[in-house]
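*Asks:* Sharing a structure below in structure tokens format, with a few things to ask.
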Amino acid sequence: MKQVPKILLIYTGGTIGMLLDFNTGALKNFNFDELLTHIPELNLLDCSIATHSFEEPLDSSNMNPEYWVKLVSIIEENYEEYDGFVVLHGSDTMSYTASALSFMMENLGKPVIFTGSQLPIGDLRTDAKENLITSMQLATMQHKGNPLISEVCLYFEYKLYRANRTTKINAQHFEAFTSLNYPPLAESGVELTINREALLVPNRRKKFTVFKKMSSGVILMKMFPGLDEHTFNHMISYSELKGLIIETYGSGNVTTKEWFLKGIAEVIERGIPVINVTQCSGGSVNMGLYETSVALKRLGVISGKDITTEAALAKLMYLLGHGISQKSFRTIFETSLRGEMT
């Protein structure tokens, strides 16, 4: 008798599980069990579905590392029992959470697919049904007795992406996410087309391991015309600062003002890693290409290459939580750990 794949559907909160409150006109969470009644098509899938819900559904704007640990713990506790996991999550911070989980889980050999929707499940024009049904179907796909997909992914509007390559780009359209520096892992049309060459290949001989210590004390600083010395110095003088990410212009460029470069040098002298990521949605940091980034390279700023801001934050918090030495930090950060950079 054929054994069908077992999938655990985890509900954290988000628009996909909300209904309109006619008294206030605002969206509010409703019982997760009701969510499944809206999608009877799930019964047609050739798999066994179990569900797990956060006790209090969370608006993704309130997501933080504490909840990342809670979510990864649910997967850890159920890892051996299920063949795949689908996580329902609010879209606003989905790329942050999914990127974080990609680092928190080492030697992952099963699919963990994040999805959600732009419209609530009860809306006539909702995108929730297609997103959820296809995510479930992708999670059940197997090859030679093993899951076909063995990484943390994000599925939205007909495309499956590597999660730590995604960013949310639109709050109004159904195509809410993109992955400009890495191709989709799968596309849904009349047929489900898998880009097998783009998939991560797991080492199934190594044991699945979960890491739950994500460091705090990280600051994200976005370059903008008008950033002044007083504001900049106030930010970098934070006594609990452990890591700094600078969202720079273009291919990694910043102001060449003496006060700015002096401040960056002082941060690095304190043993605090400074990461350079581009504020562009696509492309890569290439320090030294222009004169406005030569100084950063000389000071020892770490190149984020083509990593997303979301993945850079997660990776920095993950590595700081590991207590990586200052000497090794640059090498490890500039190395792709979960397919997050080219």
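*Asks:* Inspect all residues belonging to the stretch 189-196 and state whether any of them is over 30 Å from Glu76 (Cβ atoms), surrounded by fewer than 16 Cβ atoms within 10 Å (Cβ to Cβ), free of Cβ contacts under 8 Å to residues at least 12 places away in the same chain and touching an Asp or Glu at 6+ places or on another chain (Cβ under 6 Å). Even if it seems obvious, please write down each step before you answer.
*Replies:* The initial filter retains those residues of the stretch 189-196 that are over 30 Å from Glu76 (Cβ atoms), namely 189-191, 193.
With surrounded by fewer than 16 Cβ atoms within 10 Å (Cβ to Cβ) added as a condition, the list becomes 189-191, 193.
Now restrict to residues that are free of Cβ contacts under 8 Å to residues at least 12 places away in the same chain: 190-191, 193.
Then drop every residue that is not touching an Asp or Glu at 6+ places or on another chain (Cβ under 6 Å), which leaves 193.
Yes; the residues of the stretch 189-196 include at least one that is over 30 Å from Glu76 (Cβ atoms), surrounded by fewer than 16 Cβ atoms within 10 Å (Cβ to Cβ), free of Cβ contacts under 8 Å to residues at least 12 places away in the same chain and touching an Asp or Glu at 6+ places or on another chain (Cβ under 6 Å).
*Asks:* Name the single residue that is surrounded by the most Cβ atoms within 10 Å (Cβ to Cβ) among those in the stretch 95-147 being farther than 28 Å from Lys212 by Cβ and basic (Lys, Arg).
*Replies:* It comes out as Lys129.
*Asks:* So, Lys6, is that one within 19 Å of Gly109 (Cβ to Cβ), basic (Lys, Arg), at pLDDT 90 or above and surrounded by fewer than 18 Cβ atoms within 10 Å (Cβ to Cβ) or not? Don't jump to the end; show me each part of the working.
*Replies:* Details: within 19 Å of Gly109 (Cβ to Cβ): yes; basic (Lys, Arg): yes; at pLDDT 90 or above: yes; surrounded by fewer than 18 Cβ atoms within 10 Å (Cβ to Cβ): yes.
The answer is yes for Lys6.
*Asks:* Still on this structure, I have one more. Would you point out which residue out of Leu185, Leu199, Leu244, Leu220 is more than 20 Å from Leu316 (Cα to Cα) and in contact with a helix residue (DSSP H, G or I) (Cβ under 8 Å, 6 or more places away or on another chain)? Let's see the steps before the verdict.
*Replies:* Values: Leu199 fails: in contact with a helix residue (DSSP H, G or I) (Cβ under 8 Å, 6 or more places away or on another chain); Leu244 fails: more than 20 Å from Leu316 (Cα to Cα); Leu220 fails: more than 20 Å from Leu316 (Cα to Cα).
So the residue among Leu185, Leu199, Leu244, Leu220 that is more than 20 Å from Leu316 (Cα to Cα) and in contact with a helix residue (DSSP H, G or I) (Cβ under 8 Å, 6 or more places away or on another chain) is Leu185.
*Asks:* Additional query: Could you tell me whether any residue of the stretch 197-207 is on the phi < 0 side of the Ramachandran plot, outside any loop (DSSP other than H, G, I, E, B), at pLDDT 95 or above and surrounded by fewer than 14 Cβ atoms within 10 Å (Cβ to Cβ)?
*Replies:* Our first condition is that a residue be on the phi < 0 side of the Ramachandran plot; within the stretch 197-207, this holds for 197-207.
Filter once more, so that each one left must be outside any loop (DSSP other than H, G, I, E, B): 197-198.
Then drop every residue that is not at pLDDT 95 or above, which leaves 197-198.
If we keep only those that are surrounded by fewer than 14 Cβ atoms within 10 Å (Cβ to Cβ) too, we end up with 197.
So far as the stretch 197-207 goes, yes, one or more of its residues are on the phi < 0 side of the Ramachandran plot, outside any loop (DSSP other than H, G, I, E, B), at pLDDT 95 or above and surrounded by fewer than 14 Cβ atoms within 10 Å (Cβ to Cβ).
*Asks:* Something else now. Any idea which of Lys315, Lys305, Lys262, Lys297 is over 25 Å from Tyr67 (Cβ atoms), under 26 Å from the mean Cα position of the chain (by Cα) and charged (D, E, K, R)?
*Replies:* Details: Lys315 fails: over 25 Å from Tyr67 (Cβ atoms); Lys262 fails: under 26 Å from the mean Cα position of the chain (by Cα); Lys297 fails: under 26 Å from the mean Cα position of the chain (by Cα).
So the residue among Lys315, Lys305, Lys262, Lys297 that is over 25 Å from Tyr67 (Cβ atoms), under 26 Å from the mean Cα position of the chain (by Cα) and charged (D, E, K, R) is Lys305.
The values are calculated or read from the model by the stated rules, or taken from the named source; none is laboratory data. Everything numeric here is computed off the predicted structure, so don't read it as measured data. Ideal geometry is used to build each Cβ from the backbone, glycine not excepted, and the neighbour counts take in all protein chains shown.
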